[in-house]
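*Asks:* Please find one structure pasted underneath; my questions will follow.
The values are calculated or read from the model by the stated rules, or taken from the named source; none is laboratory data. The structure presented is a predicted model; accordingly, all values stated were derived computationally and were not measured. As a convention, Cβ positions derive from the backbone with ideal geometry for all residues, glycine included, and neighbour counts pool all protein chains shown. Ligands, DNA and RNA are excluded from the accessible area calculation, which covers all protein heavy atoms including side chains. Shrake-Rupley method; radii C 1.70, N 1.55, O 1.52, S 1.80 Å.
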Amino acid sequence: MEKIAYKIGGMSCTSCALNIEKSLQKLPQLQKVSVNFTTEIGSFEGHTLTSQDIALIEKTIGDLGHTISPLHSSENDQESDHELKKFVLALFFSLMVLFLNMGPGKNLVSQTVSWWIQFFLTLPVWSWIGIHFIKAVLSFLKSGISNMNTLIGLGTSVAFIYSSLLTFFPEYFLNWGMAPKVYFEAVGLIISFVFLGQFLETKAKKKTKDAMNSLYKLQSKEACLLEGNIETRIPLEKVKKGQLIRVRPGEKIPVDGKVFKGISSVDESSMTGEPLPSLKKKGDKIYAGTINGDGVLDFKALKVGKDTFLSQISQFVEQAQLQKAPIQKYADKISSYFVPTIIFISLITFLGQFFWGVNPNSIGSALSHMIAVLVIACPCALGLATPTAVVAATGKASLKGILISGGDIIEKADSLNHIIFDKTGTLTYGRPIVEKASFTEEALFEIASLCHYSEHPLSKAIVSYISEKGITPKDPDSFEIIPGRGIKGKIDDKSFLIGSEILMKEFDIELLQNDTNISFSRVYVAKNKKIIGSFYLQDKIKEKAKTTIDLIQKLGMDSTLLSGDCEAVTEKVAKKLGIPNFESRVGPLEKASIIKGLQNKGQKISMIGDGINDGPALSQADVSLSMGTGTDLAISASDVTLVKGDIEKALTFLQLSNYTMKIIKQNLFLSFIYNILCIPLAAGLFYPFLGWSFSPIFASLAMGLSSLSVVTNSLRIRRF
């Protein structure tokens, strides 16, 4: 099977992606077609794809009104900026039209001159900026499948064409008894504001590529090949399985392998999310993208290229993003039935008015009522219902330190029923601190004098603990780092060893007590070959974590804690925070697998994390939240970023999402209540009984009122 993928532009809703899939599934050359609206990526598979087949795929997509470009084209990075410029230009032209049509400039020039100026100002908005709305109408005429763009394109096109003909041939319309009213301002404003909503969503879709770039940055660019005693720097892509590789202190490990020689602590926080370095010695496995600590490691390459653990995570995140099915917008669901219904009603209105209407046999009267129906049905309020609420909600959220990637995230959050927490960096601070220690002031001074020379996280924690007691260290007489185990040195002719149990055993120092409490990291201190005490360190739970979790659970959501840490530590944190479910020693792909298992049982999952190891789980979750103090990948792969890493902001996001969805549903009701009440008036159904009729002028006014009510209702979110 051959596979090709493209970046597809111009999709404004999930129906657009569905249209492309349905059209391409008709091609016998393709066995599998997948178009993802959120990531704007189309993936196509076939047994053999010739250049003619590829050209046909591209032509089919282009005929549907969409652009197509390579996945990593630099043009994609500039597309959003171009769209913003188009919106600003459309709004500028539209406001000028509004100024001439209904504003202070209404009487500056004659009606004829004003109409011509309005025509030329609206023409680029309708035919250039709003071209994909027109293409949506043409696509609807070909396939019969409609979406939001079809509604917008139909309403604006009818209003523009009618207004243009009235501008060109006013005498004919007046002879037919039609009111001299143009609708150029409606065309421009509808396109401008709907375009704004779609532009905001386009901006949000760029996060997937950012996530991939963050992963690629973890990879080393080269490796140190060891052949005998000769070291040779080679590009990463030339490393072969079985070769011997050397990494020096501070270097990134280039590929997965097994330690052949040496001992060192390795920072695996990018993979495990745990703050403490992992001791690596002969026979231990190491992984690409992690950072070597204070020793030299020689290792045999076991997995290279796409087979490394880092590459597997990268592929998983990419695949999960592609498979994440965006929810169908309410407006798009309704529009699939609404468009053909309105077209049918408008045609029936024309025929009914021509034969039995207010002025029988009058084309002008019949056409006027028909246009009134189409104008009142023009989805200005429908197009504004979601974007205005999303703009208000995302703006309010940003003021509270919450960055939401798009309106679909708000909608998904409203249906969540299970929240999963990462431990380190999410519920805890992600750095070790001293919980307890028992030393004299003199001993603390001596220990600080040695530890302040070390860059190890545990040493830094000890120095921080001692400095809080007002003790200032001095320079030691001698100092030596013992890679992966601790430090050795002298102060005033007194010898010290500070480090792990392994270090003490290496120097035949007897441990005074056997402490089995593994929920702490323990650092021993030996003075003149005798243990004088130890430091107990652990990651501290964030102050507001317990209150936040309690309130989230009161919303009716289940909660689970996932951690790569040991069972004792994970269980201890879960009990402190009141989280009933927990899993320990779970790797990146295992976290994602657990989430997928819960999803298969029908649960809607939110994941909160901060590390590279959380990338797959964040991508797998229905809604993902990352701590802004975390890694770039977690932020990029997530739907929501909590800027300062405040866990209580997760609760604020959930509450804001619920409130915003209520506003959106109210907006949709308001946008349709005008149609339900006014379409019969526009069609003239009440005229025979009550003498009520509705001209296009009043239809335009009603359309404006519906938009005003929707915008006003959305602004209530600002008071959240």
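*Asks:* Could we say that Val711 is under 35 Å from the mean Cα position of the chain (by Cα), modelled with pLDDT of 75 or more and closer than 26 Å to Gln599 by Cα here?
*Replies:* Answer is no for this residue.
*Asks:* Just for helices (runs of 4 or more DSSP H) wholly inside the range 619-690: which have at least 1 residues that are modelled with pLDDT under 75 and open to solvent by less than 50 Å² (accessible area, probe 1.4 Å)?
*Replies:* Qualifying helices (runs of 4 or more DSSP H): 632-637, 648-683.
*Asks:* Ser264 - would you say it is closer than 12 Å to Asp298 by Cα, crowded, with 18+ Cβ neighbours inside 10 Å and touching a strand residue (DSSP E or B) at 6+ places or on another chain (Cβ under 9 Å)?
*Replies:* Yes, satisfied.
*Asks:* Still on this structure, I have one more. Among the residues in the range 480-492, are any open to solvent by less than 10 Å² (accessible area, probe 1.4 Å), of a type outside the set (A, V, I, L, M) and assigned to a strand (DSSP E or B)?
*Replies:* Yes: one or more hits.
*Asks:* Continuing with the same structure: If Tyr524 satisfies every condition in (1) closer than 30 Å to Phe309 by Cβ; (2) modelled with pLDDT of 90 or more; (3) of a type in the set (Phe, Trp, Tyr) but one, which is the exception?
*Replies:* (1)
*Asks:* Check whether at least one residue in the range 345-367 is at pLDDT 80 or above, within 30 Å of Leu276 (Cβ to Cβ) and open to solvent by 20 Å² or more (accessible area, probe 1.4 Å), and report yes or no.
*Replies:* Scanning the range 345-367, I find no residue that is at pLDDT 80 or above, within 30 Å of Leu276 (Cβ to Cβ) and open to solvent by 20 Å² or more (accessible area, probe 1.4 Å), so the answer is no.
*Asks:* Would you tally the residues in the range 414-468 being small (Gly, Ala, Ser) and farther than 22 Å from Ser534 by Cβ? Let's see the steps before the verdict.
*Replies:* Of the residues in the range 414-468, the ones small (Gly, Ala, Ser) are 415, 425, 430, 437-438, 443, 448-449, 454, 459, 461, 464, 467.
Filter again for farther than 22 Å from Ser534 by Cβ, leaving 415, 425, 430.
Going through the range 414-468 one residue at a time, the tally reaches 3.
*Asks:* Based on this model, can you work out whether Ile471 counts as free of Cβ contacts under 8 Å to residues at least 60 places away in the same chain and open to solvent by less than 10 Å² (accessible area, probe 1.4 Å)?
*Replies:* For Ile471, the condition - free of Cβ contacts under 8 Å to residues at least 60 places away in the same chain and open to solvent by less than 10 Å² (accessible area, probe 1.4 Å) - is not met.
*Asks:* Among the residues that make up the range 124-146, is at least one of them touching a Phe, Trp or Tyr at 6+ places or on another chain (Cβ under 9 Å) and modelled with pLDDT under 85?
*Replies:* Yes - at least one qualifying residue is present in the range 124-146.
*Asks:* Please verify whether Ser192 is modelled with pLDDT under 80, open to solvent by less than 40 Å² (accessible area, probe 1.4 Å), outside any helix (DSSP H, G or I) and within 21 Å of Thr386 (Cβ to Cβ), treating the condition exactly as stated.
*Replies:* Judged against the criteria, Ser192 is not a match.
*Asks:* Also, I was wondering about something else. Counting only residues that are free of Cβ contacts under 8 Å to residues at least 24 places away in the same chain, give me the strands (runs of 3 or more DSSP E) lying completely in the range 498-612 with at least 3 of them.
*Replies:* Numbers: elements: 521-527, 530-541, 558-562, 581-583, 605-609.
Fully inside the range 498-612 and qualifying: 581-583.
*Asks:* Looking at Ile4, Ile8, Ile61, Ile68, can you tell me which residue is in a helix (DSSP H, G or I), modelled with pLDDT of 75 or more, in contact with a strand residue (DSSP E or B) (Cβ under 9 Å, 6 or more places away or on another chain) and surrounded by 13 or more Cβ atoms within 10 Å (Cβ to Cβ)?
*Replies:* Matching residue, one of Ile4, Ile8, Ile61, Ile68: Ile61.
*Asks:* With respect to the numbered conditions (1) touching a helix residue (DSSP H, G or I) at 6+ places or on another chain (Cβ under 7 Å); (2) among the aliphatic types (A, V, I, L, M); (3) under 12 Å from Tyr6 (Cα atoms); (4) touching a residue at least 40 places away in the same chain (Cβ under 8 Å), which one is the sole condition not fulfilled by Ile20?
*Replies:* (3)
*Asks:* Taking the condition of being in contact with a strand residue (DSSP E or B) (Cβ under 9 Å, 6 or more places away or on another chain) and surrounded by fewer than 16 Cβ atoms within 10 Å (Cβ to Cβ), how many residues in the range 576-589 meet it?
*Replies:* Counting residues in the range 576-589 that are in contact with a strand residue (DSSP E or B) (Cβ under 9 Å, 6 or more places away or on another chain) and surrounded by fewer than 16 Cβ atoms within 10 Å (Cβ to Cβ) gives 4.
*Asks:* Which one of these is open to solvent by less than 20 Å² (accessible area, probe 1.4 Å), in contact with a helix residue (DSSP H, G or I) (Cβ under 6 Å, 6 or more places away or on another chain) and farther than 26 Å from Pro180 by Cα: Phe140, Phe133, Phe87, Phe160?
*Replies:* Checking each option against the conditions leaves just Phe133.
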